[in-house]
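Notes follow the structure.
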Amino acid sequence: MNIQFNTAPPPAPGARETVSPPPRRAPELPAQAAQAPAAPPGVEPIRQAARQINDFLKSAKADVEFSVDSESNHVVVRVVDSQTRQVIRQIPSEDMIALSKSMDQMTGMLIKQKAT
């Protein structure tokens, strides 16, 4: 329950009294928005999606390789042609890994310079 007190001075005799609008309230959320977020999908739909991806990769004659870059410790994912072993796609790209390494070096130099 909200109780509000009128703190305005009383109107002068003969003056017209003004009525202020009621205070504004935040809009109410629909019943669906007030409920908890939906649960993540079950394990079976995820397994089915993984099977479909694996089947597609087999038909595309491509392999997926996961590795960790030794210098930056970033996880690298490569899609590789299974016959020629040529890299079709790499995430993150070689350019992004090199950029990340150079940024790390610059950060180290700034910290070293600031410390001296």
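The values are calculated or read from the model by the stated rules, or taken from the named source; none is laboratory data. Computed from a predicted structure; not experimentally measured. Neighbour counts are summed over all protein chains in view; Cβ atoms, including those assigned to glycine, are modelled from backbone coordinates with ideal geometry.
Starting from residues that are at pLDDT below 70 and basic (Lys, Arg), keep the ones in segment 21-53 and report whichever is nearest to residue 81 (Cα to Cα).
25
Is there a residue in segment 54-62 that is exposed (fewer than 10 other Cβ atoms within 10 Å of the Cβ), modelled with pLDDT under 85 and at positive phi? Steps first, please.
Kept after step one, since they are exposed (fewer than 10 other Cβ atoms within 10 Å of the Cβ), are these residues of segment 54-62: 59.
Subset that is modelled with pLDDT under 85: 59.
Next cut, at positive phi only: none.
There is no residue in segment 54-62 that is exposed (fewer than 10 other Cβ atoms within 10 Å of the Cβ), modelled with pLDDT under 85 and at positive phi.
Does at least one position in segment 68-80 carry a residue that is part of a helix (DSSP H, G or I) and either at pLDDT 75 or above or aliphatic (A, V, I, L, M) (or both)?
So far as segment 68-80 goes, no, none of its residues is part of a helix (DSSP H, G or I) and either at pLDDT 75 or above or aliphatic (A, V, I, L, M) (or both).
Before we move on, is residue 83 in a loop (DSSP other than H, G, I, E, B), exposed (fewer than 10 other Cβ atoms within 10 Å of the Cβ) and either at pLDDT 85 or above or more than 22 Å from the chain's Cα centre (by Cα) (or both)?
So residue 83 passes the test.
Specify which of the listed residues (69, 95) is surrounded by fewer than 10 Cβ atoms within 10 Å (Cβ to Cβ) and acidic (Asp, Glu).
None of the others qualify; the one that does is 95.
Any residue in segment 74-85 that is touching a residue at least 24 places away in the same chain (Cβ under 8 Å) and closer than 20 Å to residue 98 by Cβ sitting within a Cβ distance under 9 Å of a residue that is of a type outside the set (D, E, K, R) and assigned to a strand (DSSP E or B)? List the pairs, counting only those 6 or more apart or interchain.
74/68
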